[in-house]
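Heads up: the structure comes next, in structure tokens.
The values are calculated or read from the model by the stated rules, or taken from the named source; none is laboratory data. Not measured: the values here are computed from a predicted model. Glycine gets a Cβ as well: all are built from the backbone with ideal geometry, and neighbour counts include every protein chain shown. All accessible areas refer to the heavy atoms of the entire protein, side chains included, with ligands and DNA or RNA removed. Shrake-Rupley method; radii C 1.70, N 1.55, O 1.52, S 1.80 Å.
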Amino acid sequence: MPDFRPAVSLILASPGQGIGSPVGEWQRLFIELSMSGDTIFGKIIRREIPATIVYEDDLCLAFRDIVPQAPTHILVIPKQPIPSLADVTAEDKAVLGHILITIKQIADQEGLTEKGYRVVTNIGEEGGQTVFHLHFHLMGGRGMHWPPG
């Protein structure tokens, strides 16, 4: 797991967004979870913090992103804690296959299939991963461009 101490210093120094403000409270929660090894997604799975859930079964959970990058932006996560795609093993085949089928079903349910959609997972610091619990972004409802980043 990455060393979050530099990020913690930067977050705490952010002007106008200190602890006590709504953004500051999310920052505090992120810092607390990062230091404990838990993640915000673990808290969502356990219903310790709210989320707009669109799908759930024994293996995975899907909910709307709180900072959407497209008209439809849903995160699909395994309930089992896997830090990233780089950490999957052969034992994870069933849950990963299940998640991909679930993403397709959610895309159908959200009306994204006809025009298309994008599925992304970020791996590691340079890949843009900020929450170290495997998750897939399902995004649609607008044209997507390439390259993405």
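List of remarks:
- Among the numbered conditions (1) modelled with pLDDT of 95 or more; (2) polar (S, T, N, Q); (3) open to solvent by 70 Å² or more (accessible area, probe 1.4 Å), the only one that Thr130 does not meet is (1).
- Residues located in segment 112-127, provided they are assigned to a loop (DSSP other than H, G, I, E, B) and open to solvent by 60 Å² or more (accessible area, probe 1.4 Å): Thr113, Glu114, Lys115, Ile123, Glu125, Glu126
- Taking the listed residues Leu112, Leu75, the one that is under 25 Å from Asp38 (Cα atoms) and not hydroxyl-bearing (Ser, Thr, Tyr) is Leu75, with no other qualifying.
- Screening Ile123, Ile82, Ile66, Ile99 for residues that are among the aliphatic types (A, V, I, L, M), in contact with a strand residue (DSSP E or B) (Cβ under 6 Å, 6 or more places away or on another chain) and on the phi < 0 side of the Ramachandran plot leaves exactly one candidate, Ile99.
- Strands (runs of 3 or more DSSP E) (entirely within segment 1-109) containing at least 2 residues that are modelled with pLDDT of 55 or more and open to solvent by less than 30 Å² (accessible area, probe 1.4 Å): 60-64, 72-78
- Flag for Ile99 being over 20 Å from Gly128 (Cβ atoms), touching a residue at least 24 places away in the same chain (Cβ under 8 Å) and out of contact with any helix residue (DSSP H, G or I) (no Cβ under 7 Å at 6 or more places or on another chain): no
- The set of residues in segment 128-149 that are assigned to a loop (DSSP other than H, G, I, E, B) and aromatic (Phe, Trp, Tyr) comprises Phe132, Trp146.
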